[in-house]
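Remarks on the structure that follows.
The values are calculated or read from the model by the stated rules, or taken from the named source; none is laboratory data. This is a predicted model, so every value here is computed, not measured. Cβ placement follows ideal geometry from the backbone for every residue including glycine, while neighbour counts extend to all protein chains displayed.
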Ligand code: NAD
């Protein structure tokens, strides 16, 4: 066995009601916080700021999807004017993304209170969008210092969005199981993440207010985010990125429809990873189990129905082999055509 283990330094507070601990936890981060949110969550940001007293110097509630540079400019101007020494972000990946952009630009450390299943809060990955072009990178400087997970805050996350991003989180964990730069800790986290999400998502579909299932799902997403932050992704994520960019397809839904097929493609090359995945999914072939899980959750499994033109298969396959990257099984154009031909129709993986 050979591996590198380079843990990321972040502190996690987990549990129902833990949002009430943010004021105390802020002492690890700073004393003059700018509180960030989207416009939709401005009310939650105000409530949180009120619990911080004079440790909250202001609010910036204009976070939007994909972190536009203009939004970062505006937030940075407010942070400078108020002499903020840290940020507190409450929300999903978009708000966390803004906190990360401010860490990158102004060296402001952050405390983050996630309210979705995106997992960005535990990755050193940042993204910025300018003139329609998204740039991403990795920098430990953007990693939040403290993450406060309060599952009660996810009770309002619509079931459909919960399922889509929960399945997206499973995709991070699945690829972590066979990442070329994985390690035994990543594998443990990935297996446990898949287990927690596979058991909690059906319960959330049945009752989105099931507090116990919400806790379990958030726990699984923390682990999935940790896997994404620690190990590289492969065929599945690269293919989804290509499809999203080329055919303007919805992100999380595309992940859901592609995952069983990408796993079926890689499975013969990674028996140990598949053993772990099978254990986490309750036995059987992981690709089939993932397909059945998604169908049971009501997910759309046909890429055509998600917006991919059927004559786009050849184009996508050519793009998929254009920029080589590490993947457990060699990627061939013919293999990708076969994989996509089934995914376009929404058929089970073979
Ligand atoms: P989001 O943050 O864009 O939130 C979507 C909407 O849901 C917003 O209006 C938000 O205010 C609202 N919302 C959030 N929590 C809610 C709740 N509990 N109840 C009701 N409404 C709620 O969505 P997201 O999926 O969390 O994040 C997507 C973004 O995160 C993408 O831009 C993606 O690229 C990024 N991301 C980054 C990483 C990373 O490591 N850098 C990882 C995953 C995702």
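Suppose the filter is in contact with a strand residue (DSSP E or B) (Cβ under 6 Å, 6 or more places away or on another chain), surrounded by 16 or more Cβ atoms within 10 Å (Cβ to Cβ) and part of a helix (DSSP H, G or I); does residue 319 pass it?
So residue 319 fails the test.
Consider the range 30-83. How many of its residues are more than 11 Å from the ligand (Cβ to nearest atom), within 28 Å of the chain's Cα centre (by Cα) and assigned to a loop (DSSP other than H, G, I, E, B)?
Residues meeting the conditions: 2.
Checking residue 88 against (1) surrounded by 24 or more Cβ atoms within 10 Å (Cβ to Cβ); (2) within 18 Å of the chain's Cα centre (by Cα); (3) assigned to a strand (DSSP E or B): exactly one of these is not met. Which one?
The number of the failed condition is (2).
I'd like to know if the range 226-235 contains one or more residues that are farther than 30 Å from residue 108 by Cβ, touching a helix residue (DSSP H, G or I) at 6+ places or on another chain (Cβ under 8 Å) and crowded, with 21+ Cβ neighbours inside 10 Å.
yes
Being under 23 Å from residue 9 (Cβ atoms) and either in contact with a helix residue (DSSP H, G or I) (Cβ under 9 Å, 6 or more places away or on another chain) or at pLDDT 95 or above (or both) narrows it down to one of 44, 27, so name that one.
Step by step, each of 44, 27 is checked, and only 27 is under 23 Å from residue 9 (Cβ atoms) and either in contact with a helix residue (DSSP H, G or I) (Cβ under 9 Å, 6 or more places away or on another chain) or at pLDDT 95 or above (or both).
Residues of the range 1-21 being more than 16 Å from the ligand (Cβ to nearest atom) and assigned to a helix (DSSP H, G or I), which ones?
Listed by number, the residues that qualify are 20, 21.
Can you name the strands (runs of 3 or more DSSP E) wholly within the range 118-167 that have at least 2 residues being more than 11 Å from the ligand (Cβ to nearest atom), outside the structural domain of residue 224 (by TED's automatic domain parsing) and surrounded by fewer than 21 Cβ atoms within 10 Å (Cβ to Cβ)?
Where strands (runs of 3 or more DSSP E) fall fully within the range 118-167 and carry at least 2 residues being more than 11 Å from the ligand (Cβ to nearest atom), outside the structural domain of residue 224 (by TED's automatic domain parsing) and surrounded by fewer than 21 Cβ atoms within 10 Å (Cβ to Cβ), they are 133-138.
Could you tell me which of the residues 191, 175 is within 26 Å of residue 325 (Cβ to Cβ), away from the ligand (no atom under 14 Å from the Cβ) and surrounded by 20 or more Cβ atoms within 10 Å (Cβ to Cβ)?
After applying the criteria, what remains is 191.
Kindly indicate which of 283, 220 is under 30 Å from residue 15 (Cβ atoms) and either touching a strand residue (DSSP E or B) at 6+ places or on another chain (Cβ under 7 Å) or not assigned by TED's automatic domain parsing to the domain that holds residue 116 (or both).
Checking each option against the conditions leaves just 220.
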